[in-house]
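The values are calculated or read from the model by the stated rules, or taken from the named source; none is laboratory data. Nothing here was measured: the structure is a model prediction, and the numbers come from that model. As a convention, Cβ positions derive from the backbone with ideal geometry for all residues, glycine included, and neighbour counts pool all protein chains shown. Just so you know, the surface numbers come from the protein's heavy atoms only, side chains and all, with ligands and any DNA or RNA stripped out. Shrake-Rupley method; radii C 1.70, N 1.55, O 1.52, S 1.80 Å.
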Amino acid sequence: MMHLAPSDGVAIVTGAGSGLGRALAVELVARGFTVAGIGRRADALDGTAEQAGSAFHAFAADIADPAQVAGTFSRIRESLGPVALLINNAAVYPRRDFLDETAAAYMHTVAINLGGTVACTRAALEDMCRTGRGRILNVATFADIAPLPASSAYSVSKGAARIFTRALIADLGDRFPGIVIGDWMPGMLKTGMGIPDGVAPEVSARWGVALALDMAPDLTGAVFEMDTEVLPPRGLKGRVKDLVLMRRRTPRRLQT
């Protein structure tokens, strides 16, 4: 099957208590999935449950703590079933000038934005490697390419998470072609971490879920921004070859 189905297993969304994570969870439930939402605040997850319905299950945990992540995934597996989809969405954006940072605060941001992604991915792979099938979608940004002021910890941690995606593919791509892994940049959102005139999370979530449920093998390593694929840069030889063959690369678009 080229698309993930509810019968394949549980969908996990981190950072599901608000914003984009909440919208992703609601959208997945609307498509028939059993969703486990992970977040630090139980009351925020309860708010998501009110919107999503009974197929949403809240699991309060701090993803910066690998032991909590391992225990949470074990509870999800025991109570709901194997994990088929992981959307690594949870992140923090402290907005602190580097001179206002402490080393401990800086590394705590890294522990959430990078460490949480690593820990949740490793836990989800317990099921995916056993079945040989699964989907991992990492919510990413371009913050590492052009860091904004007062965003050092965020830019470093999210940039490292993009490297992690590529490193994960290098380790697993050949052995587990049925596990599709990639990055998705949702754009500037109208959320607490975004901007007042950004894209509504509900709109962005439809793009994200459409991408997350697509199991086409050639999506491994693909990067999407909003609803459009970001094509990798081509070297001079590749560009000349495209010109000679009158070949034009066309980015894929998500159908919601």
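Between region 145-197 and region 37-55, what is the separation of their alpha carbon centroids in Å?
Each part's Cα centre sits 24 Å from the other's.
By average Cβ neighbour count within 10 Å, what is the ranking of 159-170, 188-199, 125-136, 86-97 from highest down?
Ranking the peptides 159-170, 188-199, 125-136, 86-97 by packing returns 86-97, 125-136, 159-170, 188-199.
Quick one: net charge of A111's neighbours, Cβ under 10 Å, K/R +1, D/E -1?
In short, -2.
Which value, in Å² rounded to 10, gives the accessible area of V230 with a 1.4 Å probe and all protein chains present?
Looks like 50 Å² after rounding.
Rounded to two decimal places and with Rh computed the Kirkwood way over Cα pairs, what is Rg over Rh for region 2-129?
Reported Rg/Rh (Cα atoms, Kirkwood Rh): 1.00.
Picking from V139, T220, G115, whose Cα lies most toward the positive end of the charge dipole for the chain (charges on Cβ: Lys, Arg +1; Asp, Glu -1)?
T220
With a 1.4 Å probe and all protein chains kept in place, how do D214, D171, D183 rank by accessible area, largest first?
D171, D214, D183
Between I195 and D43, what is the label-point separation in nm under the 7 Å Cα-to-beta-carbon projection?
Output for this residue pair reads 3.2 nm.
Please check: in the Gaussian network model of the chain (C-alpha springs, under 10 Å), which one of L99, L148, L85 has the largest mean-square fluctuation.
Its mean-square fluctuation being the largest, the pick is L99.
Could you give the accessible area per residue of region 3-75, probe 1.4 Å, as a whole number in Å²?
Ligands and nucleic acids excluded, the figure is 39 Å² per residue.
Quick one: dipole size for region 34-122, taken about the Cα centre, charges +1 on Lys/Arg Cβ and -1 on Asp/Glu Cβ, in debye to the nearest 20.
260 debye
At q = 0.21 Å⁻¹, what log₁₀ I(q)/I(0) does a Debye calculation on the Cα points of region 96-221 give, no solvent, two decimals?
Log10 of I(q)/I(0), two decimals: -1.26.
Please state, rounded to one decimal and in Å, the Kirkwood hydrodynamic radius that region 62-127 gives when every pair of distinct Cα atoms enters the mean of 1/r.
Roughly 12.9 Å, rounded to one decimal.
Helix-only estimate, please: 222 nm mean residue ellipticity of the chain, summing -39500 (n - 2.57) across DSSP H runs of length 4 or more and dividing by its residues, to the nearest 500.
Computed mean residue ellipticity for the chain: -13000 deg cm²/dmol.
Over the alpha-carbon set of region 1-74, work out the extent along each principal axis and list the three values in angstrom, largest first.
That gives 35, 24, 19 Å along the principal axes, largest extent first.
Could you please tell me the mean projected area of the C-alpha convex hull for the chain, averaged over all directions and given in square nanometres to one decimal?
It is 14.9 nm².
Please list S155, S79 from largest to smallest accessible area, probe radius 1.4 Å, with all protein chains kept in place.
Sorted descending by solvent-accessible area, the residues read S79, S155.
Using a 1.4 angstrom probe on heavy atoms only, work out the carbon and sulfur share of the accessible area of region 40-155 in %.
58 percent
Nearest 0.05, what FRET efficiency do R248 and S79 give at R0 = 45 Å with Cβ-Cβ as r?
The value I calculate is 0.35.
Taking +1 at the Cβ of each Lys and Arg and -1 at the Cβ of each Asp and Glu, which of V230, A210, V35 sits farthest along the dipole of the chain towards its positive end, judged by Cα position relative to the Cα centre?
The Cα lying farthest towards the positive end belongs to V230.
With charges only on Cβ, +1 for K and R and -1 for D and E, what is the dipole size of the chain about its Cα centre, in debye, rounded to 20?
960 debye
Run through the DSSP bridge list for the chain and note the antiparallel percent, rounded to the nearest 5.
Roughly 15 percent of the beta bridges in the chain run antiparallel, per DSSP.
With springs connecting C-alpha atoms under 10 Å apart, model the chain as a Gaussian network and identify which of G39, G115, G47 has the largest mean-square fluctuation.
G47
Note down the accessible area of E225, probe 1.4 Å, to the nearest 10 Å².
70 Å²
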